[in-house]
1. What accessible area per residue comes out for segment 1-123, rounded to a whole number of Å², with a 1.4 Å probe?
2. Would you mind telling me which residue in LEU164, LEU58, LEU85 has the biggest mean-square fluctuation in a Gaussian network model of the chain, where springs connect alpha carbons within a distance under 10 angstrom?
3. So who's got an amide H within less than 5 Å of the one on GLY128, skipping anything under 5 residues away but keeping other chains? H placed 1.01 Å off N, in plane.
4. Excluding same-chain residues fewer than 8 positions from LYS74, which lysines have a Cα within less than 22 Å of its Cα?
5. Taking the Cα centre as origin and putting +1 on Lys and Arg beta-carbons and -1 on Asp and Glu beta-carbons, what dipole magnitude results for segment 131-203, to the nearest 20 debye?
6. Leaving ligands, DNA and RNA out of it, report the carbon-plus-sulfur percent of the accessible area of segment 1-130 at a 1.4 Å probe.
7. In segment 5-101, if every C-alpha pair distance is counted and binned at 10 Å from zero, what percent goes to each bin?
8. From the phi angles alone, apply the Karplus equation (6.51, -1.76, 1.60; θ = phi - 60°) to segment 39-51 and give each ³J(HN,Hα) in whole Hz, x where the residue is Gly or Pro.
Amino acid sequence: MKDIDILIKNLATRNIEAFFFENLEEAKEAILKIIPIDAVVGIGNSRTLKDMNISKELSERGNKVYDKTYAKDKEEVKQLKKKSLLTDWYLSSSNAISMEGHIVNIDHSGNRVAALTYGPDQVIVVIGTNKITDTLDEAKKRARNHSAPLNAKRAGYNPPCLQLKKCVDCKTRDRVCYYFSVIEGQYEPDRMKVFIVCEELGF
Ligand code: SF4
């Protein structure tokens with residue numbers, strides 16, 4: 001496993017506080033503790049967050065939660081994505097984090113990278129150790145060659161990388177990475193936290 005202490009220190013130099021958890025349950029308990037019960041929470045769609053069932057647990061205890069995966073139709077999806085941009089807290093995963101502390105994400109419609117970048121007052125990014133790469137270059141490659149095809153499969157799109165298992169920089173309508181973001185750090189020191197979980201999570 002990568003040296004998590006080094007990653008945590010490198011994220012700190014970028015104004016991002018990071019915490020290490022042995023498993024997803026521990027990370028979930030920490031999220032439920034840190035987010036006030038009257039806070040409005042936006043959810044960026046993620047296998048990791050689904051595995052955690054965090055959206056339902058927050059709703060059931062009284063938080064207002066905007067999670068597009070519970071929308072009834074396309075119009076509600078659109079509204080929930082927009083509302084998530086102005087929440088008190090935003091929860092998401094990420095496609096890759098470099099040991100230097102770059103947070104790399106691809107996005108289809110852009111709502112997730114937008115919310116991670118600006119809008120919500122507080123952000124928590126939950127990642128499994130499988131998403132840590134040595135360098136920024138490797139993080140970018142992971143996002144395009146590994147995350148993109150699996151995202152496409154989940155969402156029912158068929159870009160070339162789904163068959164080829166690697167990015168060919170397509171311009172197809174089924175492209176799932178119209179937006180590609182590298183977070184270098186945070187201007188607001190207390191805004192973003194990264195929860196690193198010692199498990200293989202998501203893609
Ligand atoms: S540009 Fe196309 S082929 Fe490359 S990762 Fe994105 S969707 Fe896949």
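1. 48 Å²
2. Residue with maximal mean-square fluctuation among LEU164, LEU58, LEU85: LEU164.
3. VAL197, LEU201
4. LYS50, LYS56, LYS64, LYS82, LYS83, LYS153
5. Roughly 480 debye for segment 131-203.
6. Values: 3030 of 6030 Å².
Here carbon and sulfur together make up 50 percent of the probe-accessible area.
7. So the P(r) values, bin by bin, are 15, 42, 33, 10, 1.
8. Per-residue couplings from phi come out as 7, 8, 10, x, 10, x, 4, 6, 4, 4, 5, 5, 4 Hz.
The values are calculated or read from the model by the stated rules, or taken from the named source; none is laboratory data. Nothing here was measured: the structure is a model prediction, and the numbers come from that model. Counting neighbours? That spans all protein chains shown, and the Cβs are built from the backbone with ideal geometry, glycine included. Ligands, DNA and RNA are stripped out before the accessible areas are found, and what is left, the full protein with its side chains, is counted by its heavy atoms. Shrake-Rupley method; radii C 1.70, N 1.55, O 1.52, S 1.80 Å.
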